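Quick notes on the structure that follows.
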Amino acid sequence: MIRPFGEAALLVELSSSEAAQNLAASLRAEAPAGMVEAVPGLASVLVEFDPLAADLAEMSAAVERLRSASPATVKPGRLHTIPVAYDGPDLADVASLTGMTEDEVVALHAATELRVLFCGFAPGFAYLGDLSSELHVGRLATPRPTTPAGSVAIAGSMSAIYPAALPAGWRVIGRTDVTLFDPSWDVPALLLPGDRVRFERT
């Protein structure tokens, strides 16, 4: 489904994160006249455009043509290995909820190569998926007012690393010293959609 998202954007709803990243890649490779950016979400793409260069109908038709065509070939993203001290405050609860030992939770989390599905919530915050179904747990009943920077957490089918001290309801199982966001970098965020992440126990 393609629908207006304000006067200068379209929201394209898709079936999966892979479809969203494929369409975003297609749009960047063959950008329709007037397009400003294509931003992939979990199962959608936000297409921003210059309303002085194209209107909603023209942009919608161009996006539909690309969506219906063969998807662009998306090369595997960069691989990041993130060292983690698995000593998070929710590790024992995750083990209890999943019926595993703490070591089994850690081993499974570190054994799964995850992909950056999309970015949001805060600068440098990347949503990583998909976790093994054995690790799927709900969020905390009461979110924490502050979760320290570098916290490695899980919720549902996804994992994440907090780039700064933020309020959060995900279950924290570890921590890392890796910097995820620095406005002085040419590209301020370390993790970008399509990148791959592996966690390494330290």
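The values are calculated or read from the model by the stated rules, or taken from the named source; none is laboratory data. Please read these numbers as outputs of a predicted model, since none were measured by experiment. Cβ sites come from the backbone with ideal geometry, for glycine too, and all protein chains shown count toward neighbours. Accessible surface is based on the protein model in full, side chains and every heavy atom, while ligands, DNA and RNA are left aside. Shrake-Rupley method; radii C 1.70, N 1.55, O 1.52, S 1.80 Å.
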task: Note the full-extension length gain between residue 36 and residue 101 as 0.36 nm times their separation in residues minus their Cα-Cα distance, in nm to one decimal.
output: 18.6 nm
- prompt: Ignoring ligands, DNA and RNA, how do 97, 114, 79 rank by accessible area with a 1.4 Å probe, largest first?
  reply: 97, 79, 114
Segment 1-53: C-alpha gyration tensor shape, a/c 1.5 cut-off, then a/b vs b/c: oblate
task: Only Cα pairs under 8 Å and at least 6 apart count here; give the relative contact order of segment 31-112 as a rounded whole percent.
output: 17
Accessible heavy-atom area order of 181, 118, 5, 199, highest first, probe of 1.4 Å: 5, 181, 118, 199
- line: Contact order relative to length for the chain, counting C-alpha pairs under 8 Å separated by 6 or more residues, stands in percent at 22
message: What is the angle, in °, between the Cα long axis of helix 17-29 and the longest principal axis of the Cα atoms in the chain? Nearest 10 is fine, range 0 to 90.
response: 40
- prompt: residue 57 to residue 178: FRET efficiency via 1/(1 + (r/R0)^6), r the Cβ-Cβ distance, R0 41 Å, to the nearest 0.05?
  reply: 0.35
- line: Pseudo-spin-label distance residue 157 to residue 43, built 7 Å along Cα→Cβ, given in nm, is 0.7
message: For segment 97-182, what does the relative contact order come out to in percent, with C-alpha contacts under 8 Å and a separation of six or more?
response: 25
Residue 2 - accessible surface, heavy atoms, 1.4 Å probe, Å² rounded to 10: 40
query: Points 7 angstrom from Cα along the Cβ direction at residue 110 and residue 142: gap in nanometres?
result: 3.3
query: Helix 102-111 versus the longest principal axis of the chain: what angle, 0 to 90°, nearest 10, using Cα atoms?
result: 30
message: Taking only Cα atoms of segment 112-197, what ratio of Rg to Rh do you get with Rh as the Kirkwood inverse-distance radius?
response: 0.95
statement: Relative to the compact-globule estimate 2.2 N^0.38 Å (N residues), the Cα gyration radius of segment 2-159 stands at a ratio of 1.27
query: In deg cm²/dmol, rounded to 500, what helix-only [θ] at 222 nm does the chain give when every DSSP H run of at least 4 residues adds -39500 (n - 2.57) and the total is split over its residues?
result: -6500 deg cm²/dmol
